[in-house]
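Q: Just passing along the structure, written as structure tokens.
Nothing in this text is a laboratory measurement; each read-out follows from the coordinates by a stated rule. Note that the structure is predicted; figures quoted are calculated from it, not measured. Note that each Cβ is placed from the backbone with ideal geometry, even for glycine, and that neighbours are counted across all protein chains shown.
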């Protein structure tokens, strides 16, 4: 049985830890290089319009997504301008269950903006920000400051779900594993993803940079 969702909403969640590395293919990870990659991205609305795989699920999640008042209030108190550089694929079950909620957060916080790239232009970013078991994965999201410097990241799925998934990946039948993962997302309603990003944003606002 999947872990109780009540834990996800009562425990303090933290984004999955990732090293602050220079992505291969992004020499020196200069601010201008990050800006170039960001400029290649599209808005979430354009990404959504082009989504072919999981089209109905993308639209349903985006239409249903809301930002809890407490998290919205916290995000709005962080000063400055911040950018989310998202590597996502329309076929990815974790992308469709996290990115629509981040899009809603961006829409409701004046200091936030977001661009989405697919895994081909985003491969170097995924390679530098791997999952705990060493994989490249979507979504990979890098938080950039106003000068396009990396200050945080989120990899694949919320930490509690990631821990459960990796612990049960070889124990449960694949079909049950994926079904239980989706059930977790359906009950969580994006709160864990939004909590992780609010934590990241607050840390960045306090001057804590890098994916620690």
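Q: Scanning region 126-136 for residues that are buried (at least 20 other Cβ atoms within 10 Å of the Cβ) and in contact with a strand residue (DSSP E or B) (Cβ under 6 Å, 6 or more places away or on another chain), which turns out nearest to residue 208 (Cα to Cα)?
A: That would be 129.
Residues are listed down the side, and each one gets a yes or a no for (1) in contact with a strand residue (DSSP E or B) (Cβ under 6 Å, 6 or more places away or on another chain); (2) within 16 Å of residue 75 (Cα to Cα); (3) in contact (Cβ under 8 Å) with a residue 40 or more places away in the chain; (4) surrounded by 23 or more Cβ atoms within 10 Å (Cβ to Cβ):
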position: 109; (1), (2), (3), (4): no, yes, no, no
position: 124; (1), (2), (3), (4): no, no, yes, no
position: 148; (1), (2), (3), (4): no, no, yes, no
position: 161; (1), (2), (3), (4): no, no, yes, yes
position: 169; (1), (2), (3), (4): no, no, no, no
position: 193; (1), (2), (3), (4): no, yes, yes, yes
position: 201; (1), (2), (3), (4): no, yes, yes, yes
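Q: Since residue 132 meets every condition but one in (1) closer than 30 Å to residue 32 by Cβ; (2) touching a helix residue (DSSP H, G or I) at 6+ places or on another chain (Cβ under 7 Å), which condition does it not meet?
A: (1)
Q: Something else now. When residues of region 101-149 are filtered for being part of a loop (DSSP other than H, G, I, E, B) and farther than 20 Å from residue 81 by Cα, how many remain?
A: Matching residues across region 101-149 total 16.
Q: Counting only residues that are touching a residue at least 12 places away in the same chain (Cβ under 8 Å) and in a helix (DSSP H, G or I), how many does region 65-92 have?
A: Count: 5.
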